[in-house]
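Reading through the structure tokens given below for one structure.
The values are calculated or read from the model by the stated rules, or taken from the named source; none is laboratory data. Quantities reported herein were computed from a predicted structural model and do not represent experimental measurements. Heads up, the Cβs are rebuilt from the backbone with ideal geometry, glycines too, and the neighbour counts pull from every protein chain shown.
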Amino acid sequence: MSKKTSTKQELPYRLGVGVVVLNAADQVFVAQRIDTPGDAWQMPQGGIDKDEDPGQAVFRELKEEIGTDHVEIMAECQGWMTYNLPKKLQKTVWNGRYRGQKQKWYVARFLGLDSEIDLTADKHPEFSDWKWVDFDTLPDLIVPFKRGLYQDIVATFQHLIKKD
């Protein structure tokens with residue numbers, strides 16, 4: 001009797017964008033997710049809609065997640081950056097269709113006032129709180145499975161941050 005071998009295909013990545021929003025002091029906007037317990041913060045990020053350019057997705061995601069897209073794009077990463085969800089989350093996040101995200105990351109200068117930031121602008125808010133933080137602290141603020149991604153973001157864009 002022959003033994004069946006399973007060649008389960010690995011799940012694809014969900015295409016997305018992320019944005020490092022800098023204020024005038026070169027601090028970074030981070031927000032606390034409503035659906036993540038503990039003290040985990042992240043930068044705005046999200047999926048790319050069908051037939052949407054990644055640059056367009058940045059502005060749409062900012063409007064949805066923080067209520068304003070009053071930014072100017074300063075830079076974007078070469079290529080794409082990825083992270084994998086932990087196996088237990090792969091079954092529930094995005095209906096189990098993806099293993100993680102493949103993202104195009106941007107840096108944008110915030111041109112507005114803090115009062116323009118409105119986490120409840122969208123009918124399905126993702127964040128409960130926000131703050132400005134120092135750029136090099138980003139990897140310490142994120143959930144562990146995204147820490148490598150945030151380390152790559154810091155390394156990629158460090159040259160854009162003014163030193164005191």
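Tabulated results
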read-out	value
A31 vs. criteria of a type in the set (G, A, S), assigned to a strand (DSSP E or B) and closer than 25 Å to H159 by Cα	yes
Listing of strands (runs of 3 or more DSSP E) fully contained in the range 66-150 that carry 1 or more residues being within 17 Å of T36 (Cα to Cα), in contact (Cβ under 8 Å) with a residue 24 or more places away in the chain and within 14 Å of the chain's Cα centre (by Cα)	81-84, 100-110, 127-134
Residues being surrounded by 15 or more Cβ atoms within 10 Å (Cβ to Cβ) and either under 18 Å from V58 (Cβ atoms) or modelled with pLDDT of 90 or more (or both) - total across the range 83-111	16
Complete set of residues in the range 36-68 that are surrounded by 14 or more Cβ atoms within 10 Å (Cβ to Cβ) and basic (K, R)	R60, K63
Among residues of the range 34-59, those that are under 29 Å from K162 (Cβ atoms), part of a loop (DSSP other than H, G, I, E, B) and at pLDDT 95 or above, counted	2
